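The values are calculated or read from the model by the stated rules, or taken from the named source; none is laboratory data. Every value quoted in this text rests on a predicted model; they were computed, and no experiment measured them. Heads up, the Cβs are rebuilt from the backbone with ideal geometry, glycines too, and the neighbour counts pull from every protein chain shown.
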Amino acid sequence: MRYNELTFQGRNAVLEAFRSGKTIDKLFILDGCQDGPIKSIVREAKKTDAIINYVDKERLDRLAGTGHHQGVVAIGAAYEYAEVEDILAAAKEKGENPQPEPIYLESSGSWF
């Protein structure tokens with residue numbers, strides 16, 4: 001099994017992540033940026049347990065991996081992902097036989 005963190009960058013992506021109920025652990029905002037969209041993001045973040053950090057542009061660039069963060073980056077909660085082999089092994093341990101019927105997997109992740 002592996003763990004992945006979700007990284008949201010850009011004003012609209014971060015705001016929508018909060019509004020859609022994604023679990024955001026940390027919010028990084030460009031120090032000194034206080035325009036309307038950033039205030040909306042901060043207001044949404046304060047409704048949750050997200051830690052708000054004001055950082056310099058270089059830190060945001062490193063976190064985002066690009067310069068396209070628009071002054072805001074959010075780090076979402078890590079999720080545990082299972083490999084298909086792990087799912088089949090768990091079913092076998094329970095005495096279930098998943099082989100005769102297909103297994104359907106659904107993902108709600110985003111592609112960047």
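Conditions tested, residue by residue: (1) in contact with a Leu (Cβ under 6 Å, 6 or more places away or on another chain); (2) within 30 Å of Val84 (Cα to Cα); (3) aliphatic (A, V, I, L, M).
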| position | (1), (2), (3) |
| --- | --- |
| Glu5 | no, yes, no |
| Phe8 | no, yes, no |
| Ala17 | no, yes, yes |
| Asp35 | no, no, no |
| Glu44 | no, no, no |
| Ile52 | yes, no, yes |
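Keeping to segment 17-63, report how many residues are touching a residue at least 40 places away in the same chain (Cβ under 8 Å) and over 19 Å from Leu6 (Cβ atoms).
Residues flagged as touching a residue at least 40 places away in the same chain (Cβ under 8 Å) and over 19 Å from Leu6 (Cβ atoms) within segment 17-63 amount to 1.
Please verify whether Ile29 is at negative phi, at pLDDT 90 or above, within 15 Å of the chain's Cα centre (by Cα) and not in a loop (DSSP other than H, G, I, E, B), treating the condition exactly as stated.
Answer is no for this residue.
All but one of (1) over 24 Å from Glu106 (Cβ atoms); (2) out of contact with any Gly (no Cβ under 9 Å at 6 or more places or on another chain) hold for Phe18; which doesn't?
The one condition Phe18 does not meet is (1).
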